[in-house]
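Worksheet: the structure to be examined is printed underneath.
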Amino acid sequence: MHVDLYEKIWMWAASGLIVVFLGAIVLTAGLHAVHPPSHIETIDPKTLADHPEFGNPGVTTRPDGSVVVSIRAELYSFTPDPIEVPAGRPVTFRLTSADVLHGFLVVGTNANAMAVPGYVSQFTVAFRAGEYIIACNEYCGTMHHAMVGKLIAREEVR
């Protein structure tokens, strides 16, 4: 079978692009430890009210100074609301859902994860000072459009 030079060039270029894209994924995931928010642990959504972390979710500052925000998403709200965090410091979000699949998007930032019943999703991000809207970006029912919250990043007083 004869393949023209012009077609061979396009096949090699397409193959090269695939290798470059796969290489970029391996490089960022492997060497730089950049991973998407994922389900790092499992949890029983029926017993969230009694869970030590998600029974009374909120903002916690650990002894090492790191900030952890535990969030429970349920029809049609985020708990806690509003969320107040220090500006300029890495904040680790841990979230789960009590009922159905929800999205967690801090509008205007790269903070975006899914709250899945039975799993805890976790990601870390730092914010500039200001107020941000939190939106559910996964359709979760008839009042989905009303599922919003607020995040306030405050400058720390030194």
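The values are calculated or read from the model by the stated rules, or taken from the named source; none is laboratory data. From a predicted model like this one, the values you see are computed outputs, not experimental measurements. Cβ sites come from the backbone with ideal geometry, for glycine too, and all protein chains shown count toward neighbours. With ligands, DNA and RNA removed, areas are computed over all heavy atoms of the protein, side chains included. Shrake-Rupley method; radii C 1.70, N 1.55, O 1.52, S 1.80 Å.
Excluding the sites themselves, what is the longest stretch of the chain that contains no GluC sites (Glu not before Pro) in a DSSP loop with at most 15 other C-beta atoms within 10 Å?
Answer from the scan: 1-154.
Report S70's accessible area, 1.4 Å probe, all protein chains in place, as a number in Å² to the nearest 10.
Spelled out: S70, probe radius 1.4 Å, area about 10 Å².
Just to confirm the number: angle between the C-alpha axis of helix 5-26 and the first principal axis of the chain, 0 to 90 degrees, nearest 10?
Helix 5-26 sits at roughly 30 degrees to that axis.
So what is the accessible area of the chain per residue, in Å², with the probe set to 1.4 Å?
Result: 63 Å² per residue.
Per Stokes-Einstein, at 20 °C and 1.002 mPa s, what whole-number D in µm² s⁻¹ belongs to the chain, with the Kirkwood radius over Cα pairs as the hydrodynamic radius?
Translational diffusion coefficient: 120 µm²/s.
Provide the FRET efficiency to the nearest 0.05 for the L101-I9 pair, computing r from the beta carbons and using R0 = 35 Å.
Efficiency for this residue pair is about 0.20.
With no solvent and one equal point scatterer placed on each C-alpha of the stretch 55-121, evaluate the Debye formula and give log10 I(q)/I(0) for q = 0.23 Å⁻¹, two decimals.
Ignoring solvent entirely, the Cα scatterers give -1.04.
Multiplying the sequence separation of T92 and E131 by 0.36 nm and subtracting their Cα-Cα distance, what value in nm do you get?
Full extension from T92 to E131 adds 12.3 nm.
What's the Kirkwood radius of the stretch 91-136 in Å, using all Cα pairs?
Taking the inverse mean of 1/r over all distinct Cα pairs, the stretch 91-136 comes out at 11.1 Å.
Roughly to the nearest percent, how much of the accessible area of the stretch 1-129 is carbon and sulfur, given a 1.4 Å probe?
Summing carbon and sulfur atoms, their accessible area is 63 percent of the total for the stretch 1-129.
Please give the length that would be gained between A146 and L17 if that part of the chain were fully extended, namely 0.36 nm times their separation in residues minus their C-alpha to C-alpha distance (nm, one decimal).
This chain segment gains 42.2 nm when fully extended.
Can you figure out the FRET efficiency of D81 with H51, using R₀ = 22 Å and their beta-carbon distance, to the nearest 0.05?
After rounding to 0.05, the efficiency reads 0.75.
With all protein chains present and a 1.4 Å probe, how do M143, M1 order by accessible area, largest first?
Largest to smallest exposure gives the sequence M1, M143.
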